[in-house]
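Trainee: Take a look at this one; I'll ask things after.
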Amino acid sequence: MFFMIKCLSIAVSVVGLGVAASATAADLTFTPQAYQASPAFSFDGAYVGVHGGMASRSPNPFSDGRGLAAGAQAGYNFQVGPGILGAEVEGSYLGDAEQKVRGGTIGEKWRLSAKAKAGVAFDKTLVYGTAGYAMTKFEAGKGVRRDSDWKGGYLVGGGLEHAFAGGLSAKMEYNYVITPDVKTRSASGTGKTDIDSHVIKAGLNLRF
C-alpha cells in the first residue's frame, strides 16, 4: 500500500513539472502578431522639389558678382541596403551672377542640368555625391557687346539630405560647374574664357 502511494505521488509530481514546463515554453513563444520588426526607412522612388541659394564666381557665396539662385528639380532614387543610386534633372534661375571675361563681364542667367547621384543612407539621412552635364545661358554684361547664349559644361558636387514625415525631406547641396571656351566680343576683341561657377543651395523634396 505504501509503495502504491509513493508511486502515485511521484507520478503527480512528474505531471506537475510537465505542465509547468509547457506553460513556460508557451510564454517564450513569439507569434507573428506579438512581434513585428519596424521596416527600415528608404529613399527609394520618385521625387520633385524646389531649391534656393547663391551662385558666385568663387567658393565664397558672399563674394562680389554673386546672384540669387532659385529653381526646381525632379529625380528618382534606387536604394539597395544603405546604398543609393539616382538621377536628377534641375532648372535654375541664377540672377545674373557676374563672371569676368576679356574686356568686361557677362551674367549667368539660367541653367539646366542632368545629374547622376550616388550616396549612402544612414536611416533618414543621406550623404551623396553628384556629377553631370549643365547648360548655362549667359547674357551680355559690362563692356561686352554680344552675349554667348547657351553653352554646355560639366558639373560635380555633393550634398546632405534628411527625411521627415509625409515623404518630405530637406537638403543642402554644393555644385561646381566648369563651362569651357565661352565666346565673347568686346572693345578688346573676341575671346574665349573658361567660366567657373559655384552654387550653394538649400532645398525641399517630396517623395511619392
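Trainee: Please report the relative contact order for the range 45-207, taking Cα pairs under 8 Å with a sequence separation of at least 6, and give it as a percent rounded to a whole number.
Mentor: 23
Trainee: Enumerate the aspartates and glutamates that Lys124 could reach by cross-link, defined here as Cα to Cα under 16 Å, with residues fewer than 8 away along the same chain left out.
Mentor: Asp44, Glu161
Trainee: I've got another one for you. Per 0.36 nm of contour for each residue apart, how much would the distance between Val120 and Asp149 grow if the chain were fully extended, relative to their Cα-Cα spacing?
Mentor: Going from the current span to full extension adds 6.7 nm.
Trainee: Kindly flag which residue pairs out of Lys100/Lys137; Lys151/Lys171; Lys117/Lys183; Lys115/Lys201; Lys100/Lys171; Lys115/Lys142 have an alpha-carbon separation exceeding 26 Å in this structure.
Mentor: Result: Lys151/Lys171; Lys117/Lys183; Lys100/Lys171; Lys115/Lys142 exceed 26 Å.
We did not get these values from a lab; they are worked out from the coordinates using the rules stated. Just so it is clear, the structure is predicted and the values come from calculations on it, not from any experiment.
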